[in-house]
Amino acid sequence: MTSKPEITKLNDAVSVSPQLQLDDVTALAKAGFKSIICNRPDSETGEHPSSAAVAEAAEKSGLQFAYVPAISGAITDQDGEKMAAALAKLPAPTLAYCRSGARSTKLTDMARTASKAASSPATRFNVVIVGGGSAGIATAASMFKRDRKISLAIIDPADDHYYQPGWTMVGGGAFSAEFTHRKEKDLIPARAKWIKSAAASFDPDNNAVTTADGQEIHYDVLIVCPGIKLDWAAIDGLPETLGKNGVTSNYRFDLAPYTFRLVKELTSGTALFTQPPMPIKCAGAPQKAMYLSCSKWEKEGVLANIDVQFHNSGAALFGIKEYVPALMEYIDRYNAHLNLESTLVAVDGPAQIATFEQKHGEETKRVEVKFDMIHVVPPQMAPDFVRSSPLAAESGFVDVDPATLRHVKYANIFSLGDACSAPNAKTMAAVRKQAPIVAVNALAALAGKPPVADYDGYGSCPLTVERGKVVLAEFGYGGKLLPSFPNWLIDGTRPSRLSWLLKDTILPPVYWHGMLKGREWMVKPHRIGAE
């Protein structure tokens with residue numbers, strides 16, 4: 001170059017220099033530059049070629065040109081945005097110049113900041129909720145009901161949302177699968193920001209969540225409710241045979257219809273129903289699948305031809321003793337063989353053989369059972385990114401105070417639903433009660449105040465013992481019975497047609513149009529210290 005301007009490389013895309021002369025342009029093209037930006041106003045004092053003259057020289061040399069003038073000592077954010085737009089449009093590498101090169105350097109730095117802000121949405125919110133299932137959406141709706149001005153983001157990658165308590169009914173032929181399905185986009189509260197990605201890790205010391213696609217989301221208050229992990233692979237051979245060979249599960253949307261198909265087609269043989277070690281979501285669902293199947297076979301007159309077996313890893317049919325007598329009446333009525341402390345460990349689908357580990361006193365034996373159909377419930381655990389995080393208790397679930405659902409270490413973190421460590425039954429009814437409590441406690445934390453509401457461990461398990469009757473189990477911490485209705489209306493320890501009506505007709509619309517909309521019917525948060 002004849003004038004030899006001092007060129008400083010800022011990065012691979014942009015270099016800067018002092019004032020260019022017209023005969024410098026050809027040399028810039030030979031040096032590999034593709035474009036030029038003039039940051040010096042034509043009106044600025046001193047001798048220098050006009051931007052139009054440099055643009056003409058650039059065109060003759062095959063370079064593109066942009067005029068982005070900025071006044072020395074008075075550079076604005078708008079100047080930085082214009083520089084960002086020019087750099088985005090022009091081919092790289094680009095040479096930007098002004099009188100000394102200082103303005104061009106500053107504008108390039110501002111352009112980088114402006115570009116980053118434009119390409120990334122706001123990444124700090126008053127409240128961040130990890131999980132867009134029933135717990136996340138219900139809590140968000142309850143919070144907006146109380147404060148419409150908060151900024152709130154929900155992190156969840158799913159396109160679809162399911163009313164999972166309905167899958168037992170699908171497997172029993174009472175609901176269609178599609179009845180339990182909605183699109184996630186139609187349920188996220190309008191005021192919430194939906195970050196459509198999976199949470200990958202937590203940094204509670206810096207109030208941040210990192211997503212699977214690399215976003216770093218910051219919060220004032222964090223609510224963790226990503227659900228529970230179904231570990232299908234923990235049972236040897238199970239993933240390969242699910243949905244065929246008579247192997248099914250109501251714990252998956254796509255498999256619940258297969259359950260009912262198997263039930264309708266089976267007229268004789270062996271039907272196995274399994275329950276893994278606790279904790280699992282809806283601890284009654286494994287036996288509910290059995291009762292509804294038996295009810296169908298009884299109606300069709302084929303039950304006597306079917307060997308029904310219930311294999312439960314636990315030592316009791318149900319964890320709350322008050323409900324066991326009614327359930328045992330149905331075990332006897334359906335002539336189901338109850339196998340306690342019997343854990344499914346393997347399934348050979350093509351051979352239709354299930355392998356169980358069964359306890360006999362101090363001894364554990366492996367037993368193989370031939371089947372015609374088997375309903376499997378997989379072992380369950382906290383999601384991997386929760387178990388490996390600083391938020392996890394020894395159990396792997398988010399370590400919370402059972403009463404306030406606030407993290408035991410981090411005062412601005414709460415958890416509810418299947419992912420939290422509270423020793424309640426992991427049911428939809430529990431979430432319905434927990435969501436308003438977490439909503440008011442999280443808003444209190446946002447205001448720098450302690451929790452104001454407490455949770456009694458309430459959960460409900462409508463045990464569908466036959467088509468048309470339900471044993472409505474409702475209980476809290478320590479197995480305390482917590483009925484929602486007077487005993488003369490519904491005695492939860494006995495099968496009831498009214499309870500079936502609740503399960504079949506009332507609860508689904510309560511879920512879609514009440515719980516997910518922040519309508520807290522019969523679950524107003526209990527204030528700490530109140531009677």
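Each reported figure results from applying straightforward, stated rules to the coordinates on display, with no laboratory input. Note that this is a predicted model, so its numbers are computed, not measured. Cβ coordinates were reconstructed from backbone atoms using ideal geometry, including for glycine residues, and neighbour counts include every protein chain displayed.
If you line up the long axis of helix 102-119 against the longest principal axis of the chain, both from Cα atoms, how many degrees apart are they, to the nearest 10?
The answer is roughly 20 degrees.
Between ASP205 and ALA13, what FRET efficiency comes out of the Förster formula 1/(1 + (r/R0)^6) with R0 = 30 Å and r the beta carbon distance, rounded to 0.05?
Step by step, r from the Cβ atoms, then E = 0.30.
Nothing charged except the Cβ atoms of Lys and Arg (+1) and of Asp and Glu (-1): what's the magnitude of the dipole of the chain about its Cα centre? Round to the nearest 20 debye.
With only Lys, Arg, Asp and Glu charged at Cβ, the dipole is about 1220 debye.
With contacts defined as alpha carbon pairs under 8 Å and 6 or more residues apart, what's the relative contact order of the range 8-119 in percent?
Relative contact order, the range 8-119: 39 percent.
For helix 77-89, what angle does its Cα long axis make with the longest principal axis of the chain, in degrees from 0 to 90 and rounded to 10?
Computed tilt is about 80 degrees.
Obtain the nm distance between the two label points defined at GLU265 and LYS480 by a simple spin-label model: each point lies 7 Å from its Cα along the Cα-to-C-beta direction.
Going by the 7 Å Cα→Cβ label model, 4.9 nm.
Below 8 Å between Cα atoms, with a sequence gap of 6+, how large is the relative contact order for the chain in percent?
Averaging sequence separation for qualifying contacts and normalising by length gives 13 percent for the chain.
Nearest 500 deg cm²/dmol is fine: what mean residue ellipticity at 222 nm does the chain get from its DSSP H runs of n ≥ 4 alone, each adding -39,500 (n - 2.57), divided by its residue count?
-8000 deg cm²/dmol
Set Lys and Arg Cβ to +1 and Asp and Glu Cβ to -1, take the dipole of the chain about its Cα centre, and tell me which of ILE155, ALA392, ASN206 lies farthest positive.
The listed residue farthest towards the positive side: ILE155.
Arranged by the count of other C-beta atoms within 10 angstrom, fewest first, what order do HIS48, HIS311 take?
Listing HIS48, HIS311 from fewest to most nearby Cβ atoms yields HIS48, HIS311.
Once fully extended, how much extra length lies between LYS365 and LEU489, figured as 0.36 nm per residue of separation less the alpha-carbon to alpha-carbon distance?
Difference between extended and current length: 40.0 nm.
List the residues of the range 120-157 whose backbone N lies under 17 Å from a point placed 7 Å from the Cα of LYS183 along the Cα-to-Cβ direction.
Label zone hits: 157.
With 22 Å as the limit, write out which pairs from LYS4/LYS82; LYS426/LYS524; LYS9/LYS30; LYS281/LYS503; LYS193/LYS229; LYS244/LYS365 have Cα-Cα distances beyond it, or answer none. Don't skip to the answer; put the middle values down first.
Values: LYS4/LYS82 28 Å; LYS426/LYS524 19 Å; LYS9/LYS30 16 Å; LYS281/LYS503 17 Å; LYS193/LYS229 25 Å; LYS244/LYS365 28 Å.
Cα-Cα > 22 Å for LYS4/LYS82; LYS193/LYS229; LYS244/LYS365; rest within.
Pick the calculated percent of Cα pairs over 34 Å apart for this structure from [x] 52; [y] 60; [z] 37?
Evaluating percent of Cα pairs over 34 Å apart on these atoms matches [x].
Farthest toward the dipole's positive end in the range 8-119, which of THR113, PHE33, ALA85, given Cβ charges of +1 (Lys, Arg) and -1 (Asp, Glu) about the Cα centre?
In the range 8-119, that residue is THR113.
Which value in nm describes the separation of the simple spin-label points at LYS409 and SER43, placed 7 Å from the Cα toward the beta carbon?
6.0
Pop a pseudo-label 7 angstrom from the Cα along the beta-carbon direction at both MET328 and GLU300 and give the gap in nm to one decimal.
That separation, rounded to one decimal, is 3.1 nm.
As I understand it, the dipole of the range 232-378 uses +1 on the Cβ of Lys and Arg and -1 on the Cβ of Asp and Glu, about the Cα centre. Which of SER293, THR241, THR343 lies farthest toward its positive end?
Among SER293, THR241, THR343, the one farthest towards the positive end of the dipole of the range 232-378 is SER293.
If the only charges are +1 at each Lys and Arg Cβ and -1 at each Asp and Glu Cβ, what is the size of the charge dipole of the range 8-119 around the Cα centre, to the nearest 20 debye?
Its charge dipole is roughly 340 debye.
Once you sort the root eigenvalues of the Cα gyration tensor of the range 232-378 as a ≥ b ≥ c, which label holds: rounded (a/c under 1.5), prolate (a/b larger than b/c) or oblate (the other case)?
Rounded.
From Cα pairs below 8 angstrom and at least 6 apart in sequence, can you work out the relative contact order of the range 42-107, rounded to a whole percent?
The normalised contact order for the range 42-107 reaches 24 percent.
As I understand it, the value is the acute angle between the Cα axis of helix 428-446 and the longest principal axis of the Cα atoms of the chain; what does it come to in degrees, rounded to 10?
Orientation of helix 428-446: about 40 degrees from the principal axis.
About the Cα centre of the range 232-378, how large is the charge dipole given +1 on each Lys and Arg Cβ and -1 on each Asp and Glu Cβ? Please answer in debye to the nearest 20.
Using only the charged Cβ atoms, the result is roughly 380 debye.
At a 10 Å Cβ-Cβ cut-off, how would you order THR464, THR343, THR113, fewest neighbours first?
Sorted ascending by nearby Cβ count, the order is THR113, THR343, THR464.
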